[in-house]
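Structure first, commentary second.
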Amino acid sequence: MTTRAGFIALIGEPNAGKSTLLNRMVGAKVSIVTHKVQTTRARIRGVAMEGDSQLVFVDTPGLFQPRRRLDRAMVAAAWGGAADADIVVLLIEANRGLTEGVERILEGLEGIDKGRKVALAINKIDRVDAPVLLGLSKEMNERFPFAETFMISAERGHGIDALRQWLAGELPEGPWLYPEDQIADLPMRMIAAEMTREKLTLRLHQELPYQMTVETENWEERKDGSARIDQLIYVVRDGHKGIVLGSKGETIKSVSKAAREELEEFLGRKVHLFLQVKVRPNWLDDAERYTEMGLEFKDGNV
Ligand SMILES: Nc1nc2c(ncn2[C@@H]2O[C@H](COP(=O)(O)OP(=O)(O)OP(=O)(O)O)[C@@H](O)[C@H]2O)c(=O)[nH]1
């Protein structure tokens, strides 16, 4: 059996339908997966199997906020995430066409490695007539050398199978990146920890490397419908603690706010999030905890 596996970066303007498409592609199994292959540049949004191919979808947050200096770094990281992927899928809205935002993305795509396959998926085809759609497809393909064009409706499920099958066939040959039994939804506590870890990584960019972990220590459902979540952030050195806290606790405060907001959106209710930073010098050696976190340890990298 020849297996294939690889990363697919799904990019597009806000509201293009990325989440809807992801849900379609990976079915009920949209999961936030923590793994050694997790990069700081892209986050893993879900894993799908198609025949003998494993499709790992990544998301590149930050393509659209290049205002402040930090944000520019995030945008650069986001493009790095797309460049790391085996295939990039640009999702656009049929009813909006080649907007300024799409144009900006195309300019970004021109900057990444020419060998990378970029597919175009025109979404929301239920909103336009065929001639408009064909015109847009032509215009887009004249503007950029897409490897393939798909016309889909993520919401209604049209064209999704064709896209998934094409992706499966285009991924490089190689072993699966995730054991099959890991492609299930992660427990909520782990997802919550991963959200905080992601916010930390985004906020700290490259200042703080992989040697940091977040664990959900306590989860309390409150009578008013909200949840109280306590998490511990483990760093390996004393010096890292200061970086995570930031001056006057600014960094941890903004991380906490961002993570809380995402959790509230995810859970659909109010969340009280409490973060604490602890130094645990030898956590890398602690195989048991590692397994608990769903991580694998290999060659000194996480
Ligand atoms: N008519 C129509 N609406 C769609 C289709 N796919 C997605 N939508 C709608 O478009 C809106 C945005 O979809 P999302 O999946 O949240 O878009 P997104 O790209 O993840 O958005 P951000 O999270 O803001 O980046 C939602 O209201 C969807 O229901 C489609 O095929 N047809």
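Each reported figure results from applying straightforward, stated rules to the coordinates on display, with no laboratory input. Because the structure is a prediction, the values reported are computed rather than measured. Glycine also receives a Cβ, built like all others from the backbone with ideal geometry; neighbour counts cover every protein chain displayed.
Computed values, structure above
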read-out	value
Fewest-first sequence of TRP219, TRP166, TRP79 by Cβ atoms within 10 Å of each Cβ	TRP219, TRP166, TRP79
Formal net charge of residues neighbouring GLU220 (Cβ-Cβ distance under 14 Å; K, R +1; D, E -1)	+2
Among the listed pairs LYS223/LYS278; LYS18/LYS117; LYS117/LYS138; LYS199/LYS257, those beyond 20 Å (Cα-Cα)	LYS223/LYS278
Between the stretch 131-164 and the stretch 1-20, the alpha-carbon center distance in angstrom	14
Neighbourhood net charge (13 Å Cβ-Cβ; Lys/Arg +1, Asp/Glu -1) for GLY135	-1
Charge tally in the Cβ shell below 13 Å around ASN123, where Lys, Arg are +1 and Asp, Glu are -1, ASN123 excluded	+2
Sequence of VAL56, VAL244 once ranked by neighbouring C-beta atoms within 10 Å, starting from the fewest	VAL244, VAL56
Amide H contacts under 5 Å for GLY174, placed H, 5+ residues apart	THR3, ARG4, ALA5
Note, ³J(HN,Hα) from phi for the stretch 243-252, Karplus 6.51, -1.76, 1.60, rounded to Hz, x at Gly and Pro	5, 5, 6, x, 5, 6, x, 4, 5, 4
